1. Leaving out same-chain residues fewer than 8 places away, which aspartates and glutamates sit with a Cα under 19 Å from that of Lys222?
2. Express the relative contact order of the chain as a whole percentage, based on alpha carbon pairs under 8 Å and six or more residues apart in sequence.
3. Ignoring ligands, DNA and RNA, what percent of the accessible area of the chain is carbon or sulfur (1.4 Å)?
4. Taking 25 °C and 0.890 mPa s as the conditions, I'd like the Stokes-Einstein D for region 1-148 in µm²/s, using the Kirkwood hydrodynamic radius from alpha carbon pairs.
5. With a 1.4 Å probe and every protein chain left in place, work out the accessible area per residue of the chain in Å², rounded to a whole number.
6. What number in nm² do you get for the chain if you take the convex hull of its Cα atoms and divide its surface by four?
7. What does the helix-only formula give at 222 nm for the chain: each DSSP H stretch with n ≥ 4 adding -39500 (n - 2.57), the total divided by the residues, and the result rounded to the nearest 500 deg cm²/dmol?
8. Rg/Rh for region 131-207 to two decimals, with Rh computed the Kirkwood way over all alpha-carbon pairs.
Amino acid sequence: MNPYITASLLFGLLLGTTITTTSTHWLIAWMGLKINTLAIIPLMAQQHRPRAIEATTKYFLTQAAAAATLLLAATTNAWMTGQWELQQATHPVPTTMITIALALKIGLAPLHTWLPEVMQGLDLTTGLILATWQKIAPFSLLLQIQPNNQTLLILLAILSMLVGGWGGLNQTQVRKILAYSSIAHLGWMVIILQFSPTLAVMTLALYIIMTSSTFLAFMMNKTTTIGTLTISWAKTPIISSLMPLILLSLGGLPPLTGFMPKWLILQELTKQDLGMTATLAALSALLSLYFYLRLSYAMTLTISPNNLTGTLPWRTQTNKKTLPTAILLSSSILLLPLTPEVLTLFNT
């Protein structure tokens, strides 16, 4: 794709997200979401492969349905309350419709079925945008409306955690595993949204950091399946030795960065007398941890075949810029001791 076209589409992504996150009117927020969707579709279809076109079509239809539901909900809210402001969505019917539409947009269970299939049809670069940047605008709307239906949010969150854990257990494609990882992490964000919005934003920020570092490492290895992970040590031995730490951080093991949001969320849930919900959330994290351990095992404890394919890449040098990857890798592993500073940063 022409660099100028790519730059224009990336600017469209930035513009759409900015419009949605800063708007207070439902029509302006809806327009920002549509700009965001239209900007990423050419990036998804640029490979000109049947799988990529199929993924793009599925994504467009899903996002169009979610946007139509959101517009209907906003119109219904204006009809019932006479208000177009985001913070004035007080009637339970339009608020529930808006919550379901945004859940479909970001891929919360049980409205998640499009996400793994779409992710599988994309290259790793576009998959990175879909798994990180495209979550910001809908999540900002969820933060602004503060849905008062606590039961619905907890149900969506618990279902997302369980589906994200169970769905990734038998997958062999790395992109599908990362899609189910995204679903599970979205459940952690949504479950705490009503009780501590600041903690939800912090969880989203740390999820973006950890997922970006994972995608960038897989992009450097050109890894798309678990089988190709076995020879990744021959291509990038240092990254291959650090990748298990990032994956375990995504799983939420101490003393890594990913433990911070899970620990604080479980603590907040127990303060809200939701002990059973906290227990289910903690147990669901074990499901996700299994496929993270599976990826780690394939990268570090599986012996690569001693053939030409396994030995030649050792001597090749990469021309890719490694500074962003190094910064994100370090942030994905080493931020847990800085928990008080991170909390202070997000509380200001």
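1. List returned: Asp123.
2. Working: 483 pairs, mean separation 51.3, N = 348.
So the answer I get is 15 percent.
3. The value for the chain is 69 percent carbon and sulfur by accessible area.
4. Once the numbers are plugged in, D ends up at 157 µm²/s.
5. Working: 15110 Å² over 348 residues.
Per-residue accessible area for the chain comes out at 43 Å².
6. In nm², the orientation-averaged hull projection of the chain is 17.5.
7. Working: 18 runs with 260 residues, N = 348.
Here the helix-only value at 222 nm equals -24500 deg cm²/dmol.
8. The Rg/Rh ratio comes out at 0.99.
The values are calculated or read from the model by the stated rules, or taken from the named source; none is laboratory data. Just so it is clear, the model here is predicted, and its values are computed rather than measured. Using ideal geometry, Cβ is built from the backbone for each residue, glycine included, and neighbour counts are taken over all protein chains shown. Only protein heavy atoms, including side chains, enter the accessible area calculation; ligands, DNA and RNA are left aside. Shrake-Rupley method; radii C 1.70, N 1.55, O 1.52, S 1.80 Å.
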